[in-house]
Every structure is written in C-alpha cells, then in structure tokens.
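Here the structure comes first, spelled out in structure tokens, and everything after it is commentary.
What follows is calculated from the coordinates using simple rules that are stated; it is not laboratory data. Since the structure is predicted, the reported quantities are computational estimates derived from the model, not experimental observations. Glycine also receives a Cβ, built like all others from the backbone with ideal geometry; neighbour counts cover every protein chain displayed.
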Amino acid sequence: MAVPGDPPDGTPEGIGGGDEEFRSDEYRSVVFDEDFVRAARLQEFSAQERMGEHARAVRSRSIWSGAGSGGPRTSTPGRGARQGMLLVLLIALAFATAVYMGLSNPALPPTVGRTEALTSTIVPLAPATAVPGGRPADLYANSPAADYRVGAAGITLPGARRTAHFTEGQVVTALSIAKDYLVQSSLDPDVLAGAATRPVRVLLHPDQLDQFDRSIASPAGDGRLAATGWLVRFDPGTAVVADTRVRVSGTLAIDEVSTDVLEVITDHTFVYAVRPATGSPAAADGASLFTVRRELKLRFDRDDLVARRTELVTAYVMAGPQDCSNDPAGSFRPVLAGAGPTTVGPAASDPYASGTPRRAAGLCGVLAPPTAAGTASVSPSP
C-alpha cells in the first residue's frame, strides 16, 4: 500500500527508498523545529525581499540583528542586540571610572618616615668676672666677634653639589631653607624681643607644630619643650637688643642620609649687644654683649623642599653671660653690664621633689672673658 506522498509508480531505481532510509542514524537526532530555525546564523530572504535591486539572497542573524524568523527587516535592535550593547556600555563605563579615579586621586608617594620630635640641650654660660659695658661698636671691636659679619651676611652657604639621589638645585634649596630658619629664629627683631613666633613656625614641618606651640606656651627644661631650642629670645623684663646689627659667624654642611632625606648641620655663633629693659634709658656705655652658640640639625625630604619647610631634629645651645640658677628654657636673661656672677653652679636639684625634674640640671658652663681667643668655653660646674 502506498504511503501518502509517495510517487504513484513507487520509488524510482537508484534512489533511496522511503522515509526509513532518509531518516538514517546520521540525521535521526536532528530536529528541525522552530527554535532550530531561529537559531540559524543565516536566514534566507523571502521572495518579495529578493525582488529588490541588488538584494542579497541571505542575511546574517548575529546578536546585533533584530530580525526574527520570517519577520520584516527593521533597524530596531532585538533583545540580544540590546543585551550586547548594554554589556559594552557597562565595560566602557567601568573603564572610564577607573581612568577618572586614577587622574583625580593619584597615588601618594610613600612616606619617608615619621617626623622626629626636637631634642634640645640648653647650656647657660655663667660669667667668671664682671660683665664689661660700653658702646656696642666698641664692645664688638674688642671681642672675638670683631671680624664677624653683620646679620644674614654672616650665614654663608657652602658650594652645592648634587648627591646620589638629589639634584644640585634640591641641595641649594635645602641650604637656603636652613639659612632662612637661622635668620628668622636668630635675627628677627620681633622674635628676639619675644613678641613673635610666626616667622619661625611657618618654616617647620606640620608634625612638629604641636611640640613647638607647647614649647612656646609652657616651656620646660626637659629636653623637649625648651622654647630656646627653637629660637633665640630674651626675657622682655630683663634685657632688650641695643643694636640690631648682630654679629654672626659659622658654617653649614649638608649630607644625604638616605635616598629620600637630606640633612643640614649648622654651627653658628651669634653675638648680641643688649641693655637693661627697665629703668631709665641706658647710657651710651651701658650695653653689654651676649653670645649664643647654636648647633642645629635640620632634615629635609622631597616634600619639605617643595613646601620650603624643615624638620628640626636636634639643637645644642650655649648662651651667656647668664646666671646658671635661672632656667633658660623659656628665654634668656642676660647678666648685664657691671654685674658679676652670683652663682656659678646651676640651681639645686631635689630628687625627692614631685613634678617633672629639670633634665638640664647640672649643665652649666663658664663664659670665657671677651678678650680671650675664641668665643666661649664650657666646663662642667662642680
């Protein structure tokens, strides 16, 4: 019996017989359903679509094509196209965000290390004899400071050379900042009079400002909070500067202590002409000399050089003539013209007393006579 769809006269010779042979094992698992057709990468245009001029026979059905099986050709993206475009937009947005964050928040350079607190030692120099008085010019001429330069001219910079990790320009910058610090902390008239601290403060690293402020507000001779470790100032109730032409002499030396830090060592002697702060105006010959020897260690990292600031690490200061019984941490109290030594040794220290002891107790020197060679000598007191 013939099956519907078979040829009337049967299957011609040479042609596979019937559906059973056509549905061999090779094609038995393939089902040409609607989903299979829609998933095809190529789709044949309809007869009407192929009638157009230069029309192609087939079209590609990628994710960017919105046409479905048998549907009209439109420019509106399909679901797959929309998902693909959304994925691309998300990737582009993530990339743009990463670039923006990198530009607006650049990585900070690694910190060199924690800024050290200042450690200072203040040594008062007691007069061995009566303090000579006279006119400032005459006093300078008859002292070891006769050949010293006046003011900032006495702070000369050494020849600058590049180091292993710093350029010549950076070395010059470090030396110039060190000089600025010496000028502001040792020569500024308002600083010397105790009327200002800002010229010094603005040159310090921000991490040291709290220590500096506490030293100015509540000075103490504990090696940490001595105002006279940061700057030179006179007790306004004791003495004032009689001649602004301070005599200065000393040296600066620079060294690279690490790949990111320069260190400047300063060693200068400052000689001031002072007179009494109270009473009638001093007579022309009522001035006397007061000598301060400052040895400072200042450090600079690359940020400090850009910001023109410094880290003051250590300060060793000798100053006189002054009475060793007075604490020089807050300000200097010169022994003035005509006065002799009252005590040679420092104030007595009571180990049983409560409170913070004066760690500088026992440190006192003797000021060499002004006519002697050199500026001052220090010898331990008994």
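So if R0 is 51 Å, what FRET efficiency would residue 285 and residue 210 give, r being the distance between their Cβ atoms, rounded to the nearest 0.05? Each step should come with its number before you reach the end.
Working: r = 45 Å, r/R0 = 0.88.
Here the calculated transfer efficiency is 0.70.
Could you please report the charge total around residue 151, scoring K, R as +1 and D, E as -1 over all other residues with beta-carbon less than 12 angstrom from its beta-carbon?
+2
Once both labels are modelled 7 Å past Cα along the beta-carbon direction, what's the residue 98-residue 190 spacing in nm?
Between residue 98 and residue 190, the simple spin-label model gives 5.3 nm.
For residue 114 and residue 141 in the same chain, what is the full-extension length gain: residue separation times 0.36 nm, less their Cα-Cα distance, in nm?
Working: separation 27, 0.36 × 27 = 9.72 nm, distance 4.63 nm.
That pair, residue 114 and residue 141, stretches by 5.1 nm at full extension.
Modelling each spin label as a point 7 Å along the Cα-to-Cβ direction, I'd like the residue 128/residue 306 distance in nm, to one decimal.
Between residue 128 and residue 306, the label points sit 5.3 nm apart.
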